[in-house]
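Novice: Just dropping this structure here.
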Amino acid sequence: MKVRSIFISDVHLGTRGCQAERLLDFLRDYESENLFLIGDIIDFWAMNRGIHWTPAQNTVVQKILRRARHGEQVMLIPGNHDEAMREYDGVSFGDILVRCEHIHLAADGRRYLLLHGDEFDQVTRYHRWLAVLGDVGYNLLVRANAWLSRLRRLLRRPGYWSLAGYAKARVKRAVSFVFDFEDALIRAVRERGLDGVICGHIHSAAIRPIDGTVYVNCGDWVDSCTAIVEHHDGRLELVRAWQPVAAASTATPHAVSPAPTLDELPQAGIICGAETVRL
Ligand SMILES: [Mn+2]
């Protein structure tokens, strides 16, 4: 499928939670003119504690570099887990331009602010201890989820259901975290006279018009496996590469093909440590 732009965030390469195979499937299915990587692509925080780097994660990096080499506009907007890159605002690494934020002009004339969004997250900004505490709980959930999917397979239940995603959605609704985040971003883009924002960080994908301003979140490639694509007419679409069971009956038009075989993947790579991540 050919689209004008792809927006992805929160891939968390270098961690156990990263769903690199799903991302490879998605990248193989979608060709684009622009590829925007909106933060937390490589998780340097988690890699300080132990690297989990798989052949599939290697391939993700190689595929992205190759797309850039072949004329696709690739932009990296750093997030909080790859914040070291923020020092390189405006610098091109090979064919990849690093920008802390960017205004994207869509094909329909709308102007979107692209940024990761952690600056607007009151929890990681003002209550770092809470974020760390949440991180530990979240890691436990992701592990429990791995067991749960194994059990589902044993019971021959089709599809995938994310316990961590479910719990997070519940918990965050309770503290109205997502609401505050969206609200802060919407206010910021309105002040700047823009039509919308495309961000990441909270691992919760959405395309939500709020009083004439559009809030768009790319989601993540840790448990929801979502991306935003811009079609040639400027229309934005949320693509779920990993369809949750609950929504399986309303099949997505762009379901992603099966994972690549082992032979298709390069054999290099290190696997060590055990880390999962949050935000
Ligand atoms: Mn983040």
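Rule-based calculations on the coordinates, nothing more; no lab input. What you are looking at is a predicted structure, and each value in this text was computed from that prediction instead of being measured. Virtual Cβ from ideal backbone geometry, glycine too; neighbours counted across all protein chains shown.
Novice: What full-extension length gain, to one decimal in nm, is calculated for I210 and H70 as 0.36 nm per residue of separation minus the Cα-Cα distance? Mind showing how you got there, number by number?
Specialist: Numbers: separation 140, 0.36 × 140 = 50.40 nm, distance 3.71 nm.
Computed gain between I210 and H70 is 46.7 nm.
Novice: Assuming 0.36 nm per residue, please report the length gained on full extension of the stretch F93 to R192 beyond their Cα-Cα distance. Working shown, then result.
Specialist: On the way: separation 99, 0.36 × 99 = 35.64 nm, distance 2.90 nm.
Separation in residues times 0.36 nm, less the Cα-Cα distance, equals 32.7 nm.
Novice: Listed highest first by mean packing, meaning other Cβ atoms within 10 Å per residue, what order do 145-152, 93-100, 34-41, 109-116 come in?
Specialist: By packing density, highest mean first, the sequence is 34-41, 109-116, 93-100, 145-152.
Novice: Which of D89, D233 comes first, and how do the rest follow, when ranked by fewest Cβ neighbours within 10 Å? Working shown, then result.
Specialist: Working: D89 13, D233 9.
Ascending Cβ contact count within 10 Å gives the list D233, D89.
Novice: Separate question: How far apart, in nm, are two points set 7 Å out from the Cα along the Cα-to-Cβ line at L105 and at H232?
Specialist: With each label placed 7 Å out from Cα toward Cβ, I get 2.0 nm.
Novice: For V74, which sequence-distant residues (separation of 5 or more, or a different chain) have an amide H within less than 5 Å of its own amide H, given hydrogens modelled in the peptide plane?
Specialist: The answer is L35, L97.
Novice: Let me ask something else about it. Just want the ordering: H52, H232, H102, from fewest to most Cβ atoms lying within 10 Å of their own Cβ. Please list the in-between numbers first.
Specialist: Values: H52 24, H232 12, H102 15.
Lowest count first: H232, H102, H52.
Novice: Would you mind ranking S9, S32 so that the residue whose beta carbon has the fewest other beta carbons within 10 Å leads the list?
Specialist: Numbers: S9 32, S32 20.
Ascending Cβ contact count within 10 Å gives the list S32, S9.
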